[in-house]
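The values are calculated or read from the model by the stated rules, or taken from the named source; none is laboratory data. The structure presented is a predicted model; accordingly, all values stated were derived computationally and were not measured. No Cβ is skipped: glycine too gets one built from the backbone with ideal geometry, and neighbour counts run over all protein chains shown. These area figures cover heavy atoms from the full protein model, side chains too; ligands, DNA and RNA do not enter into them. Shrake-Rupley method; radii C 1.70, N 1.55, O 1.52, S 1.80 Å.
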Amino acid sequence: MKDDDLVTKLSPRSVEDTVARFSEVLAAKGVKLFAVIDHSGEAARVGLDLRDTKVVIFGAPRAGTPVMQAVPVAALDLPLKVLVWDDEGQTRLTYTAPAALAARYGLGGDLASRLAAIDPLTDAVVSA
């Protein structure tokens with residue numbers, strides 16, 4: 001993956017608080033939170049150390065279904081995912097750029113714009 005295929009934003013909150021804020025933003029926007037994968041928690045359970053690392057999986061079936069109807073293999077990247085992680089005390093949100101996903105699956109117009117909704121959602125999460 002090229003650097004411009006990823007978007008990283010800084011959060012003023014801890015990883016835990018950022019994930020909680022993410023959940024609040026999704027609920028307020030009517031977007032479904034499918035799961036939060038706690039990679040660092042699972043690592044700790046088997047005696048391994050991993051910086052605080054969580055993946056938030058979310059989406060809106062009305063937005064994602066047309067993408068998967070057009071390109072079934074897009075289901076490999078849907079629902080959308082955001083990595084929330086600690087980088088030496090700074091919380092970061094990282095996700096695949098919507099343009100990179102659209103290019104990967106040859107999406108244009110309305111279908112590509114459905115993926116771009118991740119940008120304002122993550123902006124709302126990291127706002128103070």
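For the reader, a short list of remarks on this structure follows.
- Carbon/sulfur fraction of accessible area - the chain, other protein chains in place, 1.4 Å, %: 56
- With protein chains left intact and a 1.4 Å probe, residues in the chain average 56 Å² of accessible area per residue.
- Averaging 1/r over every pair of different alpha carbons in the chain and inverting the result gives a Kirkwood radius of 15.2 Å.
- Farthest toward positive dipole pole in the chain [+1 Lys/Arg, -1 Asp/Glu at C-beta], among Leu50, Ile37, Ala102: Ala102
- Within the stretch 22-65, the ratio Rg/Rh, alpha carbon atoms throughout and Rh by Kirkwood, equals 1.15.
- Rounded to the nearest 500, the helix-only mean residue ellipticity at 222 nm of the chain stands at -12500 deg cm²/dmol, with each DSSP H run of n ≥ 4 adding -39,500 (n - 2.57).
- Charge dipole of the stretch 31-128 (Cα centre as origin; +1 on each Lys and Arg Cβ, -1 on each Asp and Glu Cβ, all else neutral): 400 debye, rounded to the nearest 20.
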